[in-house]
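Structure first, then comments.
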Amino acid sequence: MSSITTQVNQVAGRARSIFAERAVRSQITEAGQELTAAEHVLFFAEAPAQFYQLGVWLETFERLAAQGHSVGVVVMDALSARELLKASKLPVFFTRSIEQIETLLTKLGTRSISYVNNSQRNFTMLRFNGPAHIHLNHGESEKASMVSNQLKAYDYACVAGPAAVERISESVARFDTKHLVQIGRPQLDALTPELPATQTRVLYAPTWEGDSATMDYSSVMKMGESILAQFEGDNRFEVRFRPHPKTGDHSAEMKKEITALRARFAAQLDPIADAGQSLVWADVAICDTSAMAYDAVALNVPLLLTGHRSSQLRERLPQEQLLESPNGLAQRVAELADGGVPGRQKQLAQYFFATTSPGQATKKLGQLLESV
């Protein structure tokens, strides 16, 4: 998309959000979800296009609330607040004023503020003395954004495991790794097993194009159509297509391509809301370098990794799990499904994640919150 189009869309989105503010505040009141007590809050300043970043943490914080932790959510966009009310019963505070947020959280005695991205508005919130500022991010991967110098701004940065500590210490100059807390992936703690199936279940979950060339890890333009077409008419497989929700947001060419793929493969679009549950469903996952690939490792789902960019995941997977061409893909998937999770992939789970034992990642996060 052109920068002018992007700016116009952003202005229009802000106008819609401002127009919705009064109604959203009434909705919060009517739902009985006003934030009146919270020792720990999730902070989210973005519009609904980025809501998935917050969404992946809601169930985790709901579990923490059920375990007795005092938690809530602070949002700065009315339309995101509306999405939040649909997605969760957690207490909500909506305002566009940082000052109002500081006043309320001071009154409530809030002890920590957790952030799910590196939004510029996070850094206005970070001026607030008192609560611990905790960076959660919204997935584990080896994308360039995972080693941002911005991590220095937070009191703590939660990471999945030893690989992230190694990556950050090598890439971010003058970073004190004592601020890193290894917690695994709490989002994977509440997933439910799928029943066996007669067909081999294949999940193709490519990432988006990123906001720059250095952040483009997506396979959609290069071979997305070819990957999906490999399974057409082959009754051995049930295939689901799960493109990243931001696909096409930055590139007009990508937007055109993903629109065409969604139309052609409409019957294969993934109906599951939770990305982790989609991986549990799969017998084989085809992923780009993104959180989906690393979660497949954590969940012991046989993985085919696309792309050519160097990464620890790519270098440590056996060659037969690297997808450089879709030719013969159906047979490769059948063989991978029959063989089960390769041993080298199983070893990687310990490298990328501090724990993959159900419930332990949420426990580690809860322990961090209570320690501040």
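The values are calculated or read from the model by the stated rules, or taken from the named source; none is laboratory data. The structure displayed is predicted, hence computed values, not measured ones. Note: ideal-geometry Cβ built from the backbone for every residue, glycine included; neighbour counts use all protein chains shown. These area figures cover heavy atoms from the full protein model, side chains too; ligands, DNA and RNA do not enter into them. Shrake-Rupley method; radii C 1.70, N 1.55, O 1.52, S 1.80 Å.
Tabulated values for the structure
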| item | result |
| --- | --- |
| Solvent-accessible area, 1.4 Å probe, carbon plus sulfur percent, for the chain | 49 |
| Leading residue at positive end of dipole, the chain (Cβ point charges), from G366, T192, I28 | I28 |
| Per residue accessible area in Å² of the chain, where ligands, DNA and RNA are left out and the probe is 1.4 Å | 45 |
| Neighbourhood net charge (14 Å Cβ-Cβ; Lys/Arg +1, Asp/Glu -1) for R22 | +2 |
| Ranking by accessible area, most exposed first, for F19, F128, F123 with a 1.4 Å probe | F19, F123, F128 |
| The stretch 78-147, relative contact order in percent, only Cα pairs under 8 angstrom and at least six apart counted | 27 |
| Charge tally in the Cβ shell below 13 Å around P243, where Lys, Arg are +1 and Asp, Glu are -1, P243 excluded | 0 |
